[in-house]
Every structure is written in structure tokens, then in C-alpha cells.
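*Asks:* One structure is given below, represented as C-alpha cells, and several questions about it will come after.
The values are calculated or read from the model by the stated rules, or taken from the named source; none is laboratory data. Here the structure is a predicted model, which is why all the values come from computation and not from measurement. Here the Cβ is made from the backbone with ideal geometry for all residues, glycine too, and neighbour counts use every protein chain on show. Calculation scope for accessible area: heavy atoms of the full protein, side chains included, ligands and nucleic acids excluded. Shrake-Rupley method; radii C 1.70, N 1.55, O 1.52, S 1.80 Å.
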Amino acid sequence: MSRNRGKTAIVGVGEIPTGRYPDRGAISFALEAAQLAIADAGIKKSEIDFVIPTSALFSSQFSNELTTCRLVEELGLKNVSSNVTVFSGGSSSTNALRIASSLIETGRARNILFVHCDKLGTGVSAQGGIDLFSTAGISMEWEVPFGQHYSTVAALATQRYKYETGTTDEQLSAVCVSNRKWAQKNPNAFFRKPLTLEEVMASKMLSSPLRAKQSNMLFDGGAAFVVTSAERARDLTAKPAYVLGEGGVVTHFAYHQEPDLTRFGWAKAGQMAFEEAGITPADIDVAEVYDSYPIYQLIAFEEVGLCRRGEAGEMHLRGDTWPGGKMPTTTDGGMLSKGHIGAGGSVSLLVEAARQVMGRAGERQVDDCRFALETAVGGTYMDAQVTILGNEIP
């Protein structure tokens, strides 16, 4: 057995509905999500001995407050030894879980609370949000001056992937439809109205071939989870979300330095995670795949081994990834339908993966779910992170 396989587990999750809350402070999102996660874990707040907040993009001042222990004070936690911010953009969830697991495995902590919150929907202006995502993770020296921003980044990958695989606009749009079908079942998702292929393909062109309804929108939100040892987890719940395997690969900073815009590091990261978990892609019951744009859901889906190269689009189109399909995918609706809340895009997916293996996903619950795969990625897709959770240890 791998040294790390099944040594730690997520035992509690909490989340507020993605939305726009102009009259609420971001700290309220964090507190509510944290309280829900602690209650879901079935522990007392006095048992939390380590807190890991992640940064909020909407305000550097607020992020500083999270770093300097505001959550510990506001929650009334009395036995915390450390409060440490972990931030790597959209891969913050995976990296925080990795660090939390290491702390628990080495005896440095027993019960760790991770919290994310952001207010990108109402905490910044519309132009402020555009400016933020036109510069965050994009080279100020070699890319920003020439007009690079997140829509053009996604368009470049989409155009190249279509050329290499023959994937159609209809298949790309099917990712949005698939994720919306799951969002319709998620009370925490912002977009819950049905979405058709025709609506996606008729929407405004942003950066050819990327359309408006193939993009994400910024919202307010928050989520949290509690990590503990496997031994403690078994006392708390019949179905812990054991951390079975992890893999990560950093490939670039500047997008133009990425050697392959249609693969990134997903294959290697996935191989690492599956080897550590002791299972194969065929064992996965649900896939929570990072989806800031449809192209990245398709690429990661294929590269981690859930299907062969160029097949992911057709799988989404024919319903394999929908509710009731053979490979349920991005079951909370993802950033394309649940909404983009900064680093919380990946946090939501990890929380959803834990829910599924713990059997707590409500109307979205996948039958007989044992193993869940979650992908996360930061910035302009600079790192590929894969986590495998399960309610049993292979």
C-alpha cells in the first residue's frame, strides 16, 4: 500500500449558495461555510486545531485579515495552533488538502479546517472583474501588453484542440449542457434553468471560437471542509472521504511557454494519483473536472484516462456525463453553471467529490459511488492537479 493512501479523510463539508450578496460581508460566507462543515463533520469546534484559509481575490485587505487569524477569532476557536494561508489560484483546494494531510500524517495537527470565500460578484465592479482576470496569472511583460486575457487563452486551446481532434462546436457546447443538467439539481448553483445546445451555439462570440455561454461568470460564494485522520474519521461517519491518491505537475507560468496547449500535465498527474490510490480510471464512479471553459473539461477528462483522445466531446453530447450517464461529470454544475467564485471553483469541486463518496449529495447522488476523481488547476492552467477520494481503501 502507498505510504499516503487512506491515511486521512474529509469528514465534513459546508457551502453557501453561489450568488450575489451586495449586503453581506465576505466574512459571513466564510463563517457560515465553516460552521456547516464543522457540524457536518460531527465534531466540536474546540477540536479544530489548525486553520487553513485561502486568499480572496476581490480584496487584498480581506485576504490579509484571513491570513492574520480573523477566522479563528470570529469562529471562537480556542485550541488552534496555527492559521496558515494556502493559495495557488484554482488549485488551492488540492494543495491545501495535500498540506493538511501531511500535517495530520506527521502528527502536527488532528482536525484541520480549510475555508474559502470570495466576493467577485458584488465586491468588485464589472470592469474590476474584467481587469483582474486580464492580468492574474498572465505575463505582464510578454502577454498583457498584446491583449492576452482569459477568453483568448481559452480560445487558443479550443482552436488547437478542435484542429487536432476534430471535435465540433456542438460537442464543445455539450459540456455546458451537461453541467447545466447537474446544476438544475443543485440548490447551491446560480444557473438552474435548462440550457440547450442551440442557445449555447447562438450566443455572442467572445474570442473565436469561444462563445459567451461557453464562458463563466463571477459570483460571491464560500465553501469549507474538515480533514482528520482515517482512524478518527471512522469514528465519525460510516463513509469517510478517504484521500487515496494525488498527483501534480507544474508546466509553465506564461501561457506561450506551455509546450502543448491541448494536453498540459494531466496525463502525468493522473498517473501519479491512480498509482498512489491503487485503482484505475475504470474504477472511477464520478469525475469532478475543472471547467472554467468547456475545452479544459474535455482535455482533463481525456488525459486522466476517462476516455481516449478526441472522444470526450461525443461522450458529453450523447449524455454519458449527464445525470444517469455512465460517467457522471462535474456534478455540482461547475463554474459554467454553478458559477465562478475565484479559487472556490476548485474548492466546490473537491467539496462535491467528498459529498458524493460520503453519500451526501442529495438529488445529485450517484448510485453506489465509491471513488471520485477531482481535478484542479491554477492561473492560466499552469499546473495540473488530480485528487482521488474514496469511501473504501483499496
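Yes or no, residue by residue, for (1) more than 27 Å from Val304 (Cα to Cα); (2) modelled with pLDDT of 95 or more; (3) open to solvent by less than 60 Å² (accessible area, probe 1.4 Å):
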| position | (1), (2), (3) |
| --- | --- |
| Lys185 | no, yes, yes |
| Glu199 | yes, yes, no |
| Ala212 | yes, yes, yes |
| Phe225 | no, yes, yes |
| Leu244 | no, yes, yes |
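*Asks:* On the basis of being at pLDDT below 95 and either under 23 Å from the mean Cα position of the chain (by Cα) or open to solvent by 20 Å² or more (accessible area, probe 1.4 Å) (or both), does Gly129 make the cut?
*Replies:* Values: at pLDDT below 95: yes; either under 23 Å from the mean Cα position of the chain (by Cα) or open to solvent by 20 Å² or more (accessible area, probe 1.4 Å) (or both): yes.
Yes.
*Asks:* Right, another one. Consider Asp332 carefully, then state whether it is within 14 Å of the chain's Cα centre (by Cα) and of a type in the set (Asp, Glu). Break it down stepwise before answering.
*Replies:* Numbers: within 14 Å of the chain's Cα centre (by Cα): yes; of a type in the set (Asp, Glu): yes.
Yes; evaluated as a whole, the condition is true for this residue.
*Asks:* With out of contact with any Gly (no Cβ under 9 Å at 6 or more places or on another chain) and in contact (Cβ under 8 Å) with a residue 40 or more places away in the chain as the only criterion, which of Ser178, Ser151, Ser203 stands out?
*Replies:* Ser151
*Asks:* Only one of these is in contact (Cβ under 8 Å) with a residue 24 or more places away in the chain and touching a Pro at 6+ places or on another chain (Cβ under 8 Å): Thr122, Thr67. Name it. Lay out the reasoning, then the answer.
*Replies:* Working: Thr67 fails: in contact (Cβ under 8 Å) with a residue 24 or more places away in the chain.
Going through Thr122, Thr67 in turn, the sole match is Thr122.
*Asks:* Quick check, is Ser2 modelled with pLDDT under 95 and open to solvent by 20 Å² or more (accessible area, probe 1.4 Å)? Step through it out loud before you land on a result.
*Replies:* Values: modelled with pLDDT under 95: yes; open to solvent by 20 Å² or more (accessible area, probe 1.4 Å): yes.
Considered against the rule, which asks whether it is modelled with pLDDT under 95 and open to solvent by 20 Å² or more (accessible area, probe 1.4 Å), Ser2 comes out as yes.
*Asks:* Follow-up. For a quick check of your reading of the model, give me the residue pairs whose first member lies in segment 11-24 and is within 24 Å of Lys239 (Cβ to Cβ) and open to solvent by 10 Å² or more (accessible area, probe 1.4 Å), whose second is in a strand (DSSP E or B) and among the hydrophobic types (A, V, I, L, M, F, W, C), with beta-carbon atoms closer than 6 Å and at least 6 apart or on different chains.
*Replies:* Note: pairs meeting the criteria are Val13/Phe225; Glu15/Ala223.
*Asks:* Here's another thing I want to ask about it. Scanning for something more than 16 Å from Leu336 (Cα to Cα) and open to solvent by less than 10 Å² (accessible area, probe 1.4 Å), does segment 165-174 turn up at least one residue?
*Replies:* Within segment 165-174, one or more residues are more than 16 Å from Leu336 (Cα to Cα) and open to solvent by less than 10 Å² (accessible area, probe 1.4 Å).
*Asks:* Just the residues that are farther than 23 Å from Asn95 by Cα and in contact (Cβ under 8 Å) with a residue 60 or more places away in the chain, please, taken from segment 269-284. Full working, then the answer.
*Replies:* Narrowing segment 269-284 to residues farther than 23 Å from Asn95 by Cα: 282-283.
Within segment 269-284, just Asp283 meets the criteria.
*Asks:* How many residues does segment 152-193 hold that are of a type in the set (Phe, Trp, Tyr) and either part of a loop (DSSP other than H, G, I, E, B) or touching a strand residue (DSSP E or B) at 6+ places or on another chain (Cβ under 6 Å) (or both)?
*Replies:* Pass one, segment 152-193, residues of a type in the set (Phe, Trp, Tyr): 161, 163, 182, 190-191.
Adding the requirement that they be either part of a loop (DSSP other than H, G, I, E, B) or touching a strand residue (DSSP E or B) at 6+ places or on another chain (Cβ under 6 Å) (or both) leaves 190-191.
Result for segment 152-193: 2.
*Asks:* I'd like to know if segment 333-355 contains one or more residues that are closer than 22 Å to Gly6 by Cβ and either without any contact (Cβ under 8 Å) to a residue 24 or more places away in the chain or among the charged types (D, E, K, R) (or both).
*Replies:* So far as segment 333-355 goes, yes, one or more of its residues are closer than 22 Å to Gly6 by Cβ and either without any contact (Cβ under 8 Å) to a residue 24 or more places away in the chain or among the charged types (D, E, K, R) (or both).
*Asks:* Another question, if that's okay. Would you mind listing the helices (runs of 4 or more DSSP H) fully within segment 272-378 where at least 2 residues are of a type in the set (S, T, N, Q)?
*Replies:* Details: elements: 294-303, 312-318, 334-337, 344-358.
Filter on segment 272-378 gives 344-358.
*Asks:* Which helices (runs of 4 or more DSSP H) sit wholly inside segment 1-99 and have at least 2 residues that are more than 22 Å from the chain's Cα centre (by Cα)? Give the derivation first.
*Replies:* Details: elements: 26-41, 60-67, 70-75.
Fully inside segment 1-99 and qualifying: 60-67, 70-75.
*Asks:* Just give me the residues in segment 91-110 being open to solvent by 10 Å² or more (accessible area, probe 1.4 Å) and within 23 Å of Ser346 (Cβ to Cβ), in sequence order.
*Replies:* Restricting attention to segment 91-110, the residues satisfying the condition of being open to solvent by 10 Å² or more (accessible area, probe 1.4 Å) are 95, 98-99, 102-108, 110.
Asn95, Arg98, Ile99, Ser102, Leu103, Ile104, Glu105, listed by residue number.
*Asks:* Condition first: in contact with a helix residue (DSSP H, G or I) (Cβ under 8 Å, 6 or more places away or on another chain) and of a type in the set (D, E, K, R). Now tell me which residues in segment 45-59 satisfy that.
*Replies:* Just the residues of segment 45-59 that are in contact with a helix residue (DSSP H, G or I) (Cβ under 8 Å, 6 or more places away or on another chain), to begin with: 45, 48, 50-59.
Lys45, the sole residue that qualifies.
*Asks:* Quick one: which of Gln214, Gln257 is farther than 25 Å from Leu113 by Cα and touching a residue at least 40 places away in the same chain (Cβ under 8 Å)?
*Replies:* Numbers: Gln257 fails: touching a residue at least 40 places away in the same chain (Cβ under 8 Å).
Among Gln214, Gln257, only Gln214 is farther than 25 Å from Leu113 by Cα and touching a residue at least 40 places away in the same chain (Cβ under 8 Å).
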